[in-house]
Amino acid sequence: MAGGETNRLHTADGEPYACDLWADLIHLEGAQSLASYTENYDAGTPAVTSHTFGAGAAYYLDTRTEKHYTKSLLQELCDEAAVSPTAEAPPGVDAVRRKGEDASFLFVLNHNQETVEVQLPQGGRDLLTDKEHQSKLTLDPLDVAILQEIAP
């Protein structure tokens, strides 16, 4: 798609979704189409594909889709792969777990300009402040916490 052009997707759920920015002409060779274009020169061609190989799968989004579709597709893929968030954190907060043989550490970074609250999957001791946190952690703007998690 040229700058300013838009298109629409036809998906398995039957909902139409807007898309824009770019598009390739895809020819399926072993992959399956999850969504196809409905307008313009590429009407009927795949826009979102998946291809399984061994125990894995690859997905390709050929265009920029509206946020609602992208979010629902990613949620579906995470559910399929049994991927879940490290912690229940608001937007703008990163939560990453690192495990060693003897300990588990949760790194929580608040990239926001406001204070946030993060629900913790398990309690821990903040190695930077030496404060214990049980079920939630409050982080000031641009703050960070490194929790040594308490084994359940």
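Obtain the radius of gyration and the Kirkwood radius of the stretch 6-80 from its C-alpha atoms and give Rg over Rh. Show your work: numbers first, answer last.
Numbers: Rg = 12.0 Å, Rh = 12.6 Å.
My calculation of the ratio gives 0.95.
Could you check the simple spin-label distance between residue 21 and residue 71, using points 7 Å along Cα→Cβ, in nm with one decimal?
It is 1.6 nm.
Compute the longest continuous run of the chain that contains no exposed GluC sites (Glu not before Pro); treat a site as exposed when its DSSP state is not H, G, I, E or B and it has at most 11 other Cβ atoms within 10 Å. Kindly include the intermediate steps, with their values, before the conclusion.
Numbers: sites that count: 29, 101, 114.
Free of exposed loop sites, the longest segment is 30-100.
So what does the Cα-only Debye profile of the stretch 93-149 read at q = 0.16, 0.30 Å⁻¹, as log10 I(q)/I(0), no solvent term?
Evaluating at q = 0.16, 0.30 Å⁻¹ gives log10 I(q)/I(0) of -0.42, -1.33.
Can you give me the pair-distance distribution of the stretch 68-128, C-alpha pairs, 5 Å bins, whole percents?
4, 14, 20, 22, 19, 13, 6, 2, 0
Neighbour counts of other C-beta atoms within 10 Å: give me 78, 19 arranged from fewest to most.
Numbers: 78 12, 19 26.
Fewest-to-most Cβ neighbours within 10 Å comes out as 78, 19.
Give a residue-ordered list of calculated ³J(HN,Hα) values for the stretch 23-37 (Karplus: 6.51 cos²θ - 1.76 cosθ + 1.60, θ = phi - 60°; whole Hz; x for Gly, Pro).
Result, rounded to whole Hz: 6, 10, 8, 9, 10, 6, 10, x, 8, 10, 7, 9, 7, 10, 6.
Against the longest principal axis of the chain, how steep is helix 67-80, in degrees 0 to 90 to the nearest 10, with axes from Cα atoms?
Tilt of helix 67-80: around 70 degrees.
Out of residues 5 or more away from residue 123 or on other chains, whose amide H comes under 5 Å of its own, with H placed 1.01 Å from N in the peptide plane?
Amide H to amide H, under 5 Å and 5 or more residues apart or across chains, residue 123 pairs with 150.
Using the Cα centre of the chain as the reference point, and only Cβ charges (+1 on K/R, -1 on D/E), how large is the resulting charge dipole? Debye, rounded to the nearest 20. Please list the in-between numbers first.
Working: 10 positive and 25 negative charges, 43 e Å.
In debye, rounded to 20, the chain gives about 200.
Every number here is computed from the coordinates shown, using simple stated rules; none is lab data. Note that the structure is predicted; figures quoted are calculated from it, not measured. Cβ coordinates were reconstructed from backbone atoms using ideal geometry, including for glycine residues, and neighbour counts include every protein chain displayed.
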